[in-house]
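For reference, the structure is listed below as structure tokens.
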Amino acid sequence: MYHSISSAAEARFRQFTVSPALFAEQMAYLHHHRYTPLTVTQYLKVRSQGATALAERPVILTFDDGFADFFTDALPVLKRYNFTATLYITTAFMDGTSRWMRRERETTRRMLNWHQVREIAANGIECGAHTHTHPQLDTLSTRAARNEMARSKRLLEEHLTEAVYSFAYPYGYQTARLRQAAREIGFTSACAVRHAQSSITDDAFRLARLMVHAGTDLNTFAALLSDAHASPLSAARSLYLRARTPAWQLVRRGSTSMIRYFQGGMK
């Protein structure tokens, strides 16, 4: 799971960036070690045939948000090795900037435009939905959350003139009602984060992903690709994040509920 392929970032967003040079090294590593990239939708189709149908070293590369640097700095590297990937796009900010990232002080990061998205899709990259405005979906009403998910799917399909099957929850936050909404809207898969490797037994609407950070050097990257060789530090970090995420979700949802309660009382 990647976000921005860039060397420039504010401190609060830096961990979500990977420099172009490091990204190129990581893709060269996958090529040298004969990994086979799949899109999320390709993976779901193949795994339905059983584990033996998968390539010996399958890997799924995903990119969240739809930053313009995917087109300028990730796509050329992927094309060099004939790699595919899945790009999750936040549709409200097309041909604009990342205005939702106020807390990270990154509201001016350039986003893709529709011409670039069509060229990306033409190069074999799966384009998936990532909501319209990048909200914390689990804090919204079911109706509002469904509108966010469906609107991004509809806009992508209109501009790409092809079906959009995969979805990624912003921030990775998801619940049973959101998974059900994704099914009903017409997606066939949805990615969370979960700080763990995915497996063929994963719920198709709660696929696990491991995040690649700014500090993910080549040794750490190699460790992420194999649980058997994961470093103790990486394992400890993953366990911490897996435990922390559900607790933080409860805090956020509780705060949102209280705000709604008091706002309702003031009307």
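Key figures for this structure:
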item	result
Candidate set: the stretch 39-71, residues that are without any contact (Cβ under 8 Å) to a residue 24 or more places away in the chain and of a type in the set (Val, Ile, Thr); chosen: the one nearest to residue 133 (Cα to Cα)	46
Residue check, residue 69 acidic (Asp, Glu) and in contact with a helix residue (DSSP H, G or I) (Cβ under 7 Å, 6 or more places away or on another chain)	no
Any chance residue 165 is touching a residue at least 40 places away in the same chain (Cβ under 8 Å), under 25 Å from residue 37 (Cα atoms) and surrounded by 16 or more Cβ atoms within 10 Å (Cβ to Cβ)	yes
Count - residues of the stretch 207-220 that are in a loop (DSSP other than H, G, I, E, B) and open to solvent by 20 Å² or more (accessible area, probe 1.4 Å)	6
Residue list for the stretch 124-147, filter: farther than 12 Å from residue 66 by Cβ, in contact with a Ser or Thr (Cβ under 9 Å, 6 or more places away or on another chain) and either in contact (Cβ under 8 Å) with a residue 60 or more places away in the chain or polar (S, T, N, Q) (or both)	126, 133, 136, 138, 139
Of residues in the stretch 174-193 being in contact with a strand residue (DSSP E or B) (Cβ under 9 Å, 6 or more places away or on another chain) and of a type in the set (Ser, Thr, Tyr), the one farthest from residue 40 (Cα to Cα)	188
Condition met for residue 112 (closer than 22 Å to residue 21 by Cα and out of contact with any Gly (no Cβ under 9 Å at 6 or more places or on another chain))	no
Residue tally, condition open to solvent by 40 Å² or more (accessible area, probe 1.4 Å) and in contact with a helix residue (DSSP H, G or I) (Cβ under 8 Å, 6 or more places away or on another chain), over the stretch 126-157	6
Yes/no for residue 89 being modelled with pLDDT of 95 or more, touching a Gly at 6+ places or on another chain (Cβ under 8 Å) and within 30 Å of residue 149 (Cβ to Cβ)	yes
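Let's see how each residue does on (1) farther than 17 Å from residue 64 by Cα; (2) assigned to a helix (DSSP H, G or I); (3) open to solvent by less than 30 Å² (accessible area, probe 1.4 Å); (4) of a type in the set (Phe, Trp, Tyr):
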site	(1), (2), (3), (4)
159	yes, yes, no, no
181	yes, yes, yes, no
205	no, no, yes, yes
222	yes, yes, yes, no
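The values are calculated or read from the model by the stated rules, or taken from the named source; none is laboratory data. Everything numeric in this text was worked out from a predicted model, so none of it was measured. Neighbour counts are summed over all protein chains in view; Cβ atoms, including those assigned to glycine, are modelled from backbone coordinates with ideal geometry. With ligands, DNA and RNA removed, areas are computed over all heavy atoms of the protein, side chains included. Shrake-Rupley method; radii C 1.70, N 1.55, O 1.52, S 1.80 Å.
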